[in-house]
Amino acid sequence: MLKDQSYRKLLSPISLFILCLTLIALFIYSMESQAMFGFFKRHTVEMSPEVRGRITDGGKPIVGMQVARSLSYEGYEKGKEQLEHTFTNENGEFSFKPMIIKSRMPGDLFGQNMLVKQSVYVERGEDLYSLWFTRKPWDPIQPMSDLLLQLNADLQNKEVQHQIDTTDFGGMPSQGVISICYWQSELISTYYNNELITSYAEVN
């Protein structure tokens, strides 16, 4: 009887140790399984929402000007640039349709923070005018989508850098956008030559 009790006392710590190892192994397997299946899942990635804008020069609409939209994302065609062109109408207006793709990259441990590069620009002679340049998360960010419907730019404008607070919309506290478009919003802080400005009159 005493021998049996001693055996049970000896067995108990060993059993607990084995149980702990089993639980740890199951936890690791569960994490790896989630990572694996997350990688194989195809996520909806917003390369670009709808884009609309208007281009003027000294307030006068520019007709027939070519506008380019360049998009790239490592999780789509190995990061190859997706380049489209359109032309302004008789009122200087232009637009691009949304580009939404499927990608496994957001589920990858090393790719979940990969950003989408967006650029909308025009060229005249040797001059390039940036209407929109940023790198943003792969999911939609409402303030960014709203601004892409307001790419109203005058070629006389100076290029500035906007810092947009998108934290309340699942984005970054300081989402940078380089543009000659001028916007007014409580979410936007604007810089010219690395100096914070309170009015676009300080630029022009």
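Structure notes:
- Segment E50..R135, full-extension length gain: 28.9 nm, with 0.36 nm per residue of separation and the alpha-carbon distance subtracted.
- If R0 equals 30 Å, the separation of the Cβ atoms of E90 and Q150 corresponds to a calculated FRET efficiency of about 0.90.
- Sparsely packed loop sites in region 109-204 (the chymotrypsin sites (Phe, Trp or Tyr not before Pro) outside DSSP H, G, I, E and B with at most 12 other Cβ atoms within 10 Å) comprise F110.
- Part-to-part distance (alpha-carbon centres) for region 61-119 and region 120-174, which is given in Å: 12
- Multiplying the residue separation of M172 and S185 by 0.36 nm and removing their Cα-Cα distance gives an extension gain of 3.0 nm.
- Rounded, prolate or oblate (a/c below 1.5 giving rounded, otherwise prolate when a/b exceeds b/c) for region 43-202 by Cα gyration tensor: oblate
- Working from label points 7 Å from Cα in the Cα-to-Cβ sense, the Q112 to L128 distance is 3.4 nm.
Values quoted throughout were computed directly from the atomic coordinates according to the rules given, and no laboratory measurement underlies them. Every value quoted in this text rests on a predicted model; they were computed, and no experiment measured them. FYI the Cβ positions are ideal-geometry reconstructions off the backbone, even for glycines, and counts take in every protein chain you see.
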